[in-house]
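Worksheet: the structure to be examined is printed underneath.
Each reported figure results from applying straightforward, stated rules to the coordinates on display, with no laboratory input. On a predicted model such as this, the values are computed, not experimentally measured, just so you know. Heads up, the Cβs are rebuilt from the backbone with ideal geometry, glycines too, and the neighbour counts pull from every protein chain shown.
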Amino acid sequence: MKEHPLCVLSQLGWCREGLWWARSVAVAGSTAYLADADGRVHVLALGDPAHPQRIGGCAVPGVPQSVVVGEGHVYVASGAAGLVVIDVADPVSPRVVASYREPGWYARGLAVDGRGMVYVACDEAGLGVVDVSSPERPVGVSVGHHGLMCALGVALNHRTAFVVDGEAGLRVVDIGRPGDMHEVGRYAERGYVTGVALWGNHLGMVGDKTGLWVLDVADPADPWRVGGCAVRGTVESIAVSGRRAYLAAGGEGICVVDVSNPASPVQVERRGVPGHVHHIVGAGGTIYAACGDGGLAIYELSEQGQLL
């Protein structure tokens, strides 16, 4: 039997003040950005993780679904409003400086590359690309589709985008030329896939009735499943830090999976939390979770040096 250190999730901090329904969180340094389904993005100071404090925020068009951080700006996938750009140079007074959408877009998820491009998962409109090299003047590069049926999230690796596509599973898209993208691979099993994360040559997918699937994507044209593990409930998102995968398991809370052996991932901790865990990010042993009406939850993962 494989030995795994005993992992324990301990609550560090919590913030509900001024929040309605936390959908997504992004963390940069000692600051968190929280997408709230009531049409706002909040800024929270994390200098004391035990007492995160809301220090600013602003209203955004649409219904925020997902948030990521770029240099000096925050990018929001905001439903029918498309991509929203927020200047956070002054975190106390963030301000919307631009937005971009195409007909039929419903922005669900997004990822930023290092070339000034934002890739937007636009539900039935597929994968869209927006040039934000001038954040206050975003320019559409690709309007979507690319054979996708229900694009819900995206992860990037160099010239490749890995898009989770609901019942269609995983679609692999060559983004070497963002204005001329094309599908190069796919992977599907029974289930509805909602979240994706990359580490090295491996990819984790989660969703409804899928648990965690681990794929080898060394050859993007031929992704194949190397392992997986069952997870109770519907998992909405995944984040990977080191050898741990953190899963946002909705009403079931937070799940931690050891992925040091991708062929045999093992759940090593689960913690129920107040609220509904929609989204999760991890940095080292610290976990930040957007928990619906539970607000922002911060947990610390420790290994007790014992064996399961």
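A few notes on this one:
- Among beta bridges that DSSP assigns inside the stretch 76-191, antiparallel share in %, nearest 5: 95 percent
- Each 5 Å bin, from zero up to the one with the longest distance, holds this percent of the alpha carbon pairs of the stretch 211-256: 5, 20, 26, 23, 16, 8, 3, 0.
- Selected from V25, P94, I298, residue furthest toward positive end of dipole (the stretch 5-307; charges at beta carbon): I298
- Quarter the surface of the alpha carbon convex hull of the stretch 132-196 and you get the mean projected area, 4.7 square nanometres.
- The fewest-to-most ranking of M181, M149, M205 by surrounding Cβ atoms within 10 Å reads M149, M181, M205.
- Furthest towards positive pole of dipole, G104, L12, V163, structure part the chain, Cβ charges: L12
- Residues whose placed amide H lies under 5 Å from that of H202, excluding near-sequence neighbours: V217
- Dipole magnitude of the chain about its Cα centre (Cβ charges: Lys, Arg +1; Asp, Glu -1), debye to nearest 20: 220 debye
- The chain: relative contact order as a whole-number percent, Cα under 8 Å and 6+ apart: 16 percent
- Summarising the amide proton neighbourhood of M117: residues at separation of 5 or more, or on other chains, whose placed amide H is nearer than 5 Å comprise V132.
- For Q53, the residues whose amide H sits under 5 Å from its own are A45, ignoring neighbours fewer than 5 places away on the same chain, with H placed 1.01 Å from N.
- Ordered by the number of other Cβ atoms lying within 10 Å of each residue's own Cβ, fewest first, R244, R232, R186, R177 fall into the sequence R177, R232, R186, R244.
- Kirkwood estimate for the chain, i.e. one over the average of 1/r between Cα atoms, Å: 19.2 Å
- Each residue in L203, L110, L198 was given a count of other beta-carbon atoms within 10 angstrom of its own, and listing them fewest first yields L198, L110, L203.
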